[in-house]
1. Yes or no: residue 218 within 30 Å of residue 284 (Cβ to Cβ) and within 21 Å of the chain's Cα centre (by Cα)?
2. Need at least 1 residues that are modelled with pLDDT of 90 or more, in contact with a helix residue (DSSP H, G or I) (Cβ under 9 Å, 6 or more places away or on another chain) and surrounded by 20 or more Cβ atoms within 10 Å (Cβ to Cβ) per element, so show me which strands (runs of 3 or more DSSP E) inside the stretch 1-119 make the cut, counting only ones lying wholly within it.
3. If residue 280 meets every condition in (1) more than 22 Å from residue 225 (Cβ to Cβ); (2) exposed (fewer than 15 other Cβ atoms within 10 Å of the Cβ) apart from one, which number is that one?
4. Restricted to the stretch 303-319, and to residues that are in a loop (DSSP other than H, G, I, E, B) and at negative phi, which residue is surrounded by the fewest Cβ atoms within 10 Å (Cβ to Cβ)?
5. Would you point out which residue out of 300, 262 is surrounded by 15 or more Cβ atoms within 10 Å (Cβ to Cβ), modelled with pLDDT of 95 or more and either in the same structural domain as residue 37 (by TED's automatic domain parsing) or within 16 Å of residue 339 (Cβ to Cβ) (or both)?
6. Determine, yes or no, whether residue 210 is closer than 23 Å to residue 154 by Cβ and in the same structural domain as residue 158 (by TED's automatic domain parsing).
7. Could you please let me know if residue 257 is more than 16 Å from the chain's Cα centre (by Cα), crowded, with 19+ Cβ neighbours inside 10 Å and outside the structural domain of residue 78 (by TED's automatic domain parsing)?
8. Taking residue 153 as the residue in question, decide whether it is touching a strand residue (DSSP E or B) at 6+ places or on another chain (Cβ under 9 Å), within 25 Å of residue 26 (Cα to Cα) and modelled with pLDDT of 95 or more.
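The values are calculated or read from the model by the stated rules, or taken from the named source; none is laboratory data. Owing to the predicted nature of the structure, the values given are computational and were not obtained by experimental measurement. For neighbour counting, all protein chains shown are included, and Cβ atoms are generated from backbone atoms with ideal geometry for every residue, glycine included.
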């Protein structure tokens, strides 16, 4: 553990471990950023006991959120097939302390995942009575980490981000997008960050990073794992770019619709969560129907994927969605941006970050 500082870039409580050259980071035009806690691994930092338990776990004891290892493997294989490159440009962000970076990297290697880099929070600095509240405050930390990563990436990069509903990730990713796009003035941004309990020093760092990054919104899609069962309607205010999902099967279906996964890869995710995590076939049907009812999964995608799910007995042969799937009306390349009917904007011009009606 003692040598982690010699291998890391440290800025306040943001600790970055890079595993590839800066040239490789900058060469990728499509990048995947995955929050580790409750999004990839089933970890928690609700209190000091959770933090210590996570720190003491061995690599093989760390548990995946159901289906995540299979989903990332599918993304990796699909990316390699689509681009001809030999590695998935994926980065992880975690509130775990950097002292356990070796254990987490070992766990990812067990899952056959080799990230480009990982961010850790130096939370052991917060084990003081006056700083304990910062153990569970992740907004400033994650926004700073994302902006530091943005400095290393291609000017025209497209980012796909994963988070969950336990650590304000919808706010974090949307505000990061706003900062990159300069949707708020400096005065407005300071006010928002202050009300989100981002401390003054970290606010200054965030503003300094904003001055250095290219102007433009790099965020193409955001997936939020509903780990604490937040009502999906809460996320409407963040726009249609953000997709709340109850499980990795729903995420895989949307990735299929956007051309990032193929039929076989979706089937593997569905098989994984049913065979290894106890998901019932009724749950798969309900998850499928939920995406249609929320007007996320369109008619063309339903027509392509549903027969395969039925053929492999993952969904009943007589199953039909409870609503007629809407037609795709806006597409850029393989990406679907709009279905037929009235919708919230893809990216709202102004999001109300300070009133959390859950």
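1. no
2. 14-18, 30-35, 90-93
3. Only one criterion is unmet by residue 280, namely (1).
4. Filtering first and then ranking leaves 318.
5. On inspection, the qualifying residue turns out to be 300.
6. Yes.
7. So residue 257 passes the test.
8. yes
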